[in-house]
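The values are calculated or read from the model by the stated rules, or taken from the named source; none is laboratory data. Since we're looking at a predicted model, the values are computed, not measured. Ideal geometry is used to build each Cβ from the backbone, glycine not excepted, and the neighbour counts take in all protein chains shown.
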Amino acid sequence: MGWRAHPSAPALPEDDPFVLHARSLRRGFRLEGTSRYSDDIWRLYAAQHKEHERALILNFPTIPSRFRPAAKKLLYNLLSGPLPEGEDRMEIASVWGTFTAIKRFLVWCDKRWPDDRTDLSELTGRDLDDYRKHLLIAIPDSTDRRQTVRAAPRLLWRWRTNLGVDALLFDPLHLDGWSDSRKRRHRENATHRLPELVLGPLLGWALRTGSLYRRLTEDGRNRKILHAFQTGLDQTPYAVYEIRRITFVGRTKDCRRWHGKKCTEPKWWCGRDRTARCRRIHTVVDENGVPVEAEPYCPGPDRCRGKQKKGHTWRSVRTVYEGRRERAELIVSRFAERSQGRVRLVTGAASEIRRAHYLPATEGLPQYRRVHRRRPAGVADKQRPGFEKKWTERTGRDLTRFRSCV
């Protein structure tokens with residue numbers, strides 16, 4: 001591992017520069033109205049040119065105070081500082097992501113270091129190796145996420161010419177184990193496979209109406225296996241299930257942000273996303289015209305209303321018949337015939353499974369759906385507590401009962 005002394009960092013271009021001075025600004029914004037280096041919160045919206053993006057900020061009071069000057073120096077250079085050799089200017093969204101990652105690292109350092117340590121140049125290989133081990137526990141299931149988080153401390157090395165006493169004195173890539181080893185991608189699939197004697201009949205059944213099935217039946221050598229498969233189907237016990245689902249309206253990110261864990265006075269944007277046009281036109285700004293973080297005030301015209309937010313789904317499964325396959329199929333078919341106009345019979349194109357939709361999905365949320373379906377027996381009855389009450393409030397108690405049609 002190579003150790004190098006850092007050069008002195010160049011001075012800031014002026015005493016209190018505008019942090020976005022090297023960025024192109026949105027139409028309607030002037031540099032004089034943007035954030036300065038001394039501000040506790042840097043607002044980045046003036047340099048965001050994508051309409052669908054929310055206004056981003058860098059909130060430095062969330063960083064431990066002893067590391068705040070170093071964080072400001074790094075983030076300022078990422079935004080508008082002179083570029084070191086080989087570096088490109090980061091997109092605004094990437095700078096915001098780097099702020100989140102470097103904050104995570106500095107909060108971790110703050111909990112470990114004694115109070116008298118303030119210079120990040122004092123970071124050692126052991127410090128970074130301990131941080132690497134910490135990430136293995138904190139983010140166990142995502143190699144890509146760990147790599148993104150680890151990239152933030154390495155910026156203290158890559159931008160060392162601009163950081164002075166806060167520059168890292170060595171490249172973390174030289175540390176053993178700093179980069180996760182990646183598994184070979186082009187290798188034999190280790191997943192357990194179905195035996196060919198089982199997979200063959202299943203393919204014939206699943207593609208019964210397709211060209212593959214016709215080719216199988218035309219070849220006389222397949223008759224034995226197709227006959228065995230059909231015999232197995234006839235001997236398998238089948239059931240008719242009544243399946244009911246209630247899909248509720250979900251909560252948007254705006255609702256969770258401004259109304260907390262429980263929304264007691266929902267607005268239209270609590271259950272429906274706001275369009276990009278709405279976020280652009282109905283942005284809350286201060287007296288200087290700078291966007292601020294505030295609860296949406298849009299009254300909700302049609303062009304501002306996006307898609308409804310889909311929430312969680314409650315489900316009820318009840319067995320209404322169990323026995324032979326032919327009888328199960330007949331029950332579903334006759335139920336649809338006797339309830340014409342109220343029940344829609346649907347047959348799967350490939351599986352040929354018949355389903356009687358009594359309450360098909362309707363537009364908008366919440367949705368209430370009820371289906372009678374025949375399939376191999378073995379599914380256990382289950383129902384969430386409180387389901388029957390919710391279902392009855394919307395549809396009526398009679399719709400929860402099934403009468404045999406055979």
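Quick look at the values:
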read-out	value
Those residues of the stretch 326-339 which are basic (K, R) and at pLDDT below 80, in sequence order	R338
Meets criteria (at pLDDT below 70 and over 25 Å from G323 (Cα atoms)) for A361	yes
Wholly within the stretch 88-176, helices (runs of 4 or more DSSP H) carrying at least 2 residues that are of a type in the set (S, T, Y) and modelled with pLDDT of 90 or more	92-112
Out of K389, K382, sole residue that is over 28 Å from C270 (Cα atoms), exposed (fewer than 14 other Cβ atoms within 10 Å of the Cβ) and modelled with pLDDT of 80 or more	K382
Test: residue in the stretch 8-27 that is out of contact with any His (no Cβ under 6 Å at 6 or more places or on another chain), under 18 Å from P153 (Cβ atoms) and at pLDDT below 95	yes
Only listed residue being of a type in the set (K, R), modelled with pLDDT of 85 or more and over 16 Å from V240 (Cβ atoms), chosen from R342, R277, R369	R277
Condition check for R279: buried (at least 17 other Cβ atoms within 10 Å of the Cβ), out of contact with any strand residue (DSSP E or B) (no Cβ under 9 Å at 6 or more places or on another chain) and within 29 Å of H49 (Cβ to Cβ)	yes
Sole residue being over 30 Å from V284 (Cα atoms) and under 31 Å from the mean Cα position of the chain (by Cα), chosen from T148, T98	T148
Of all residues making up the stretch 125-144, the number that are surrounded by fewer than 18 Cβ atoms within 10 Å (Cβ to Cβ) and touching a Leu at 6+ places or on another chain (Cβ under 9 Å)	2
Residue that is modelled with the lowest pLDDT [pool: residues in the stretch 345-356 that are among the aliphatic types (A, V, I, L, M) and assigned to a loop (DSSP other than H, G, I, E, B)]	A350
Residue list for the stretch 244-286, filter: within 28 Å of G386 (Cα to Cα), among the polar types (S, T, N, Q) and assigned to a loop (DSSP other than H, G, I, E, B)	T252, T264
Test: D273 is within 30 Å of Q48 (Cα to Cα) and surrounded by fewer than 12 Cβ atoms within 10 Å (Cβ to Cβ)	no
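Each row is one residue, and each column tells you yes or no for (1) under 26 Å from the mean Cα position of the chain (by Cα); (2) surrounded by fewer than 19 Cβ atoms within 10 Å (Cβ to Cβ); (3) among the β-branched types (V, I, T).
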position: L25; (1), (2), (3): no, yes, no
position: R36; (1), (2), (3): no, yes, no
position: R43; (1), (2), (3): yes, no, no
position: I57; (1), (2), (3): yes, yes, yes
position: F67; (1), (2), (3): no, no, no
position: L78; (1), (2), (3): no, no, no
position: E85; (1), (2), (3): no, yes, no
position: M90; (1), (2), (3): yes, yes, no
